[in-house]
Amino acid sequence: MVKRQIIKIDEDTCTGCGECIPNCPEGAIQLIDDKARIISDLFCDGLGACIGHCPVDAISIEEREAEPYDERRVMENVVKQGDNTIKAHLLHLKDHGQDEYLSQAIDYLKENNMTVPELEGAAEVTEEKPAEGPVHAHDGGGTLPCGCPGSAVMDFRDTPECPPEPVMETQPAVRGVSELRQWPVQIVLVPPSAPYLKDAELLIAADCVPFAYPNFHNNFLKGKVLLVGCPKLDDAAFYREKITQIFRR
């Protein structure tokens with residue numbers, strides 16, 4: 001068991017309408033005794049595609065002890081539901097920047113001699129060389145289909161498709177250029193599986209520091225992935241657990 005984000009369904013609020021079920025291509029939700037229920041922690045990725053389809057707001061995301069998400073087990077479930085569900089699942093992973101899971105899903109299809117669907121705006125992904133990078137702010141993408149759009153995972157690091165802006169040598173050192181490489185930055189919102197955390201150099205700062213230190217970006221943030229939180233007002237124990245999960249992964 002590991003501590004991770006997973007869907008929570010309020011049984012008292014749920015009306016059993018079933019609107020969430022077709023919007024969970026992983027097959028984690030079933031209608032049992034007239035209520036929507038999570039049938040297995042293994043199938044729930046905790047990304048919340050089902051949340052925006054619940055008319056009574058009975059679904060939320062919580063962090064708790066759960067079995068680790070298993071992409072291959074999920075694919076066994078997904079392929080039984082046909083080509084449209086396979087494509088929906090792959091797009092779901094792509095839109096949330098889950099490159100590692102997307103690579104595992106595509107490998108599963110190839111190993112079983114199944115057609116890999118065309119993903120609009122995405123190149124083929126393999127484990128050796130992920131061609132579909134994380135969502136970039138320059139693309140205007142990354143907005144989640146549910147919840148707060150500010151929690152969408154975005155990666156601002158330089159890529160061939162998204163080069164850095166040229167900087168003239170004559171410009172002063174403090175030039176107002178953002179060095180932020182990813183989104184979100186709040187520790188409570190950053191998923192431990194975010195692709196930009198892999199092999200990253202982390203800068204962990206109190207969230208008031210950028211306001212107090214005028215050259216924060218140039219002196220501290222350049223080349224790093226930022227995590228912020230308030231050590232006085234927030235739950236320090238939660239932060240320790242969250243950062244531990246990040247290091248474990």
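The rows are residues; the columns are (1) over 16 Å from S40 (Cβ atoms); (2) in contact with a helix residue (DSSP H, G or I) (Cβ under 8 Å, 6 or more places away or on another chain); (3) assigned by TED's automatic domain parsing to the domain that holds A49.
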position: S60; (1), (2), (3): yes, yes, yes
position: Q81; (1), (2), (3): no, no, no
position: S103; (1), (2), (3): yes, no, no
position: M114; (1), (2), (3): yes, yes, no
position: E118; (1), (2), (3): yes, no, no
task = Look at the stretch 86-97 and say how many of its residues are part of a loop (DSSP other than H, G, I, E, B) and within 22 Å of I9 (Cβ to Cβ).
result = 1
ask   = Does I6 satisfy being in contact with a Phe, Trp or Tyr (Cβ under 9 Å, 6 or more places away or on another chain), surrounded by 14 or more Cβ atoms within 10 Å (Cβ to Cβ) and without any contact (Cβ under 8 Å) to a residue 24 or more places away in the chain?
value = no
key: Residue check for G52: touching a helix residue (DSSP H, G or I) at 6+ places or on another chain (Cβ under 6 Å) and of a type in the set (G, A, S)   = no
message = Against the definition (under 16 Å from the mean Cα position of the chain (by Cα), closer than 30 Å to I7 by Cβ, at pLDDT below 65 and outside any loop (DSSP other than H, G, I, E, B)), how does G150 come out, yes or no?
response = yes
query = Residues that are of a type in the set (V, I, T): which strands (runs of 3 or more DSSP E) entirely in the stretch 19-85 hold 2 or more of them?
reply = 29-32, 59-66
query = So which residues in the stretch 5-18 are assigned to a strand (DSSP E or B) and β-branched (V, I, T), if there are any at all?
reply = I6, I7, I9
remark   = Going through the stretch 222-249 in order, the residues found to be part of a loop (DSSP other than H, G, I, E, B) and either surrounded by 15 or more Cβ atoms within 10 Å (Cβ to Cβ) or in contact (Cβ under 8 Å) with a residue 40 or more places away in the chain (or both) are K222, G223, K224, D234, R249
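The values are calculated or read from the model by the stated rules, or taken from the named source; none is laboratory data. Everything numeric here is computed off the predicted structure, so don't read it as measured data. As a convention, Cβ positions derive from the backbone with ideal geometry for all residues, glycine included, and neighbour counts pool all protein chains shown.
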